[in-house]
Amino acid sequence: MFPVLVQIGPIVVYSLWLFAGIGFLLGVFIFSSLAQKKRLNMNFIYDKSFSLFIWGLVGARLVFVLRNFPFYFPDYSTNSFLSVLYIWDKGLSLFGGLLGILIALVYFSRKEQEQTKKWLDIMTISVIFALSIGHIGTFLDGSAYGNVTNLPWGIVFDNPSIKYAVPIHPTQLY
């Protein structure tokens, strides 16, 4: 579809990353607004934000490596183990990151006797909004597509990385 929205010289704006960024910012805004509305201790999140980020990064990478284990470990050499640390290869799992942040949030909120259920409630709402915006980016990028369909809302993606040249389900929008 439109994986590249704008290209000005060496500067490229990818639809996937633009909408993922917008979704993230919207999620953070909703998260902070709901936390203030529920009168939760925002200093708790400010103090733990770096730790939550690290837990999310570790969870995202760990789940991705486990799901692609044969790729990362064709043999059990030092290079295979070091390749797990190369996070710049875009090998991160969104749901692994959410799982890492969730585990860390539960751990820290119980440790510091915060209201765990309220933190999880507002996290759920903000993640849903962030994902809904982010999936517009996956639609425009042509990634995370569905199977072949004959239904009228099937879409033919004009992208060489998609293995189908017939209408497929736009699962990104579902």
What are the residues in region 86-127 that are closer than 14 Å to Gly59 by Cα and of a type in the set (S, T, N, Q), if any? Ser93
Residue among Ser83, Ser109, Ser49 that alone is surrounded by 14 or more Cβ atoms within 10 Å (Cβ to Cβ) and within 19 Å of Val28 (Cα to Cα): Ser109
Being under 26 Å from Val13 (Cα atoms), open to solvent by less than 80 Å² (accessible area, probe 1.4 Å) and out of contact with any helix residue (DSSP H, G or I) (no Cβ under 9 Å at 6 or more places or on another chain) is the filter here, so list the residues in region 157-167 that pass it. Phe157, Ile162, Tyr164
Does Ile128 fit the bill of being surrounded by 13 or more Cβ atoms within 10 Å (Cβ to Cβ) and closer than 29 Å to Leu25 by Cβ? no
Scan of region 1-28 for residues that are in contact (Cβ under 8 Å) with a residue 12 or more places away in the chain and in a helix (DSSP H, G or I), ordered by number: Ser15, Leu16, Trp17, Leu18, Phe19, Ala20, Ile22, Gly23, Phe24, Leu26, Gly27, Val28
Within region 132-174, tally of residues that are assigned to a loop (DSSP other than H, G, I, E, B) and at negative phi: 28
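Residue by residue, here is whether (1) open to solvent by 70 Å² or more (accessible area, probe 1.4 Å); (2) part of a helix (DSSP H, G or I); (3) in contact (Cβ under 8 Å) with a residue 24 or more places away in the chain holds:
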position: Leu40; (1), (2), (3): no, no, yes
position: Phe44; (1), (2), (3): no, yes, yes
position: Phe71; (1), (2), (3): yes, yes, no
position: Pro74; (1), (2), (3): yes, no, no
Pick from Leu52, Leu102: which is touching a Gly at 6+ places or on another chain (Cβ under 9 Å) and without any contact (Cβ under 8 Å) to a residue 40 or more places away in the chain? Leu102
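Give Phe64, Phe108 a once-over and let me know the one that is modelled with pLDDT of 80 or more, in a helix (DSSP H, G or I) and closer than 27 Å to Gly137 by Cα. Even if it seems obvious, please write down each step before you answer.
Numbers: Phe108 fails: closer than 27 Å to Gly137 by Cα.
Answer to the check: Phe64.
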Please verify whether Ala130 is among the hydrophobic types (A, V, I, L, M, F, W, C), within 15 Å of the chain's Cα centre (by Cα) and over 17 Å from Gly59 (Cβ atoms), treating the condition exactly as stated. no
Single residue of Thr116, Thr149, Thr138 found to be open to solvent by less than 40 Å² (accessible area, probe 1.4 Å), of a type in the set (Val, Ile, Thr) and touching a His at 6+ places or on another chain (Cβ under 7 Å): Thr149
Under 9 Å between Cβ atoms, at least 6 apart or on separate chains: pull out the pairs that start in region 153-174 with a residue that is among the acidic types (Asp, Glu) and end on any residue that is part of a loop (DSSP other than H, G, I, E, B). Asp158/Met1; Asp158/Gly142
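The values are calculated or read from the model by the stated rules, or taken from the named source; none is laboratory data. Being a predicted model, the structure only gives us computed values, none of them experimental. Cβ coordinates were reconstructed from backbone atoms using ideal geometry, including for glycine residues, and neighbour counts include every protein chain displayed. Quick note on the areas: whole protein, heavy atoms, side chains included, nothing else; ligands and nucleic acids left out. Shrake-Rupley method; radii C 1.70, N 1.55, O 1.52, S 1.80 Å.
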